[in-house]
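Working notes, structure below.
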Ligand code: CO
């Protein structure tokens, strides 16, 4: 069943405490992460782990295909809290190659509710169908769409009222677009970082 997860947790908490007796009591006082991570829900991308960060260092929002729709109350609330309250200095939008959500948005609609969720990626695919159709390997084409999706989501983040306001008041805030390669465990910076309006 799943009792081993509770056991794993007890072992983990004990070993962390053995190394640093104050670790949890310090964390309980509050968080002040410098980074907001917005990534895909894919189980193969444990954000903290791949960045070498510890609890308390990364504020995280994940959903299928790392989408930030400008009317998504969930994502917008995360961005607002991260920027206004936590004053994170960096927002990292990280997509990944081999993304099932991105691949699904290139095929026929047959996934029910998820098709609605992926609508903006499907629109992006349509608007780039000519250049993407020149890529013969379907996997490569999907990866190219993953990159386009990251760039679009970075734009969406930059357009939010919260980010615009932060920049207009001189708050230090950078927005970055990255792609994670599950097959190598490495991140590629798409070099679309923005630090002003
Ligand atoms: Co994915």
* **Label-point separation in nm, residue 126 to residue 139, each point 7 Å along Cα→Cβ** => 3.0 nm
* To do: Mind giving me the FRET efficiency for residue 15 and residue 195? R0 is 41 Å, r the Cβ-Cβ distance, nearest 0.05 is fine.
  => 0.55
* To do: For the stretch 92-143 and the stretch 154-174, compute the distance between their C-alpha centroids and round to whole Å.
  => 27 Å
* Where does each of 35-43, 95-103 land if you order them by average Cβ count within 10 Å, highest first? -> 95-103, 35-43
* Asked: Normalised by the residues of the chain, what does the relative contact order come to in percent, with Cα pairs under 8 Å and at least six apart?
  -> 21 percent
* To do: Take each of the peptides 82-89, 4-11, average the number of other beta-carbon atoms within 10 Å over its residues, and list them starting from the highest.
  => 82-89, 4-11
* Does anyone have the angle between helix 138-159 and the longest principal axis of the chain? Alpha-carbon axes, 0 to 90°, nearest 10? -> 70 degrees
* Counting DSSP beta bridges in the chain, what percent are antiparallel, to the nearest 5? -> 20 percent
* Between residue 7 and residue 43, what length in nm is gained on full extension when 0.36 nm per residue of separation is reduced by their alpha carbon distance? -> 10.9 nm
* To do: Report, in deg cm²/dmol and to the nearest 500, the calculated mean residue ellipticity at 222 nm for the chain, where each DSSP H run with n ≥ 4 adds -39500 (n - 2.57) and the sum is divided by the residue count.
  => -12500 deg cm²/dmol
* Angle between the Cα long axis of helix 3-19 and the longest principal axis of the chain, 0 to 90 degrees, nearest 10? -> 60 degrees
* When the gyration tensor of the stretch 33-109 is built from Cα positions, what are the square roots of 5 times its three eigenvalues, in whole Å, from largest to smallest? -> 24, 16, 8
* Structure fact -> By the Kirkwood definition, with r running over pairs of different Cα atoms, the chain has a hydrodynamic radius in Å of 18.3 Å
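Each reported figure results from applying straightforward, stated rules to the coordinates on display, with no laboratory input. Fair warning: this is a prediction, and the values are worked out from it, not measured in the lab. Positions of Cβ are generated from backbone atoms using ideal geometry, with glycine treated the same way; all protein chains shown enter the neighbour counts.
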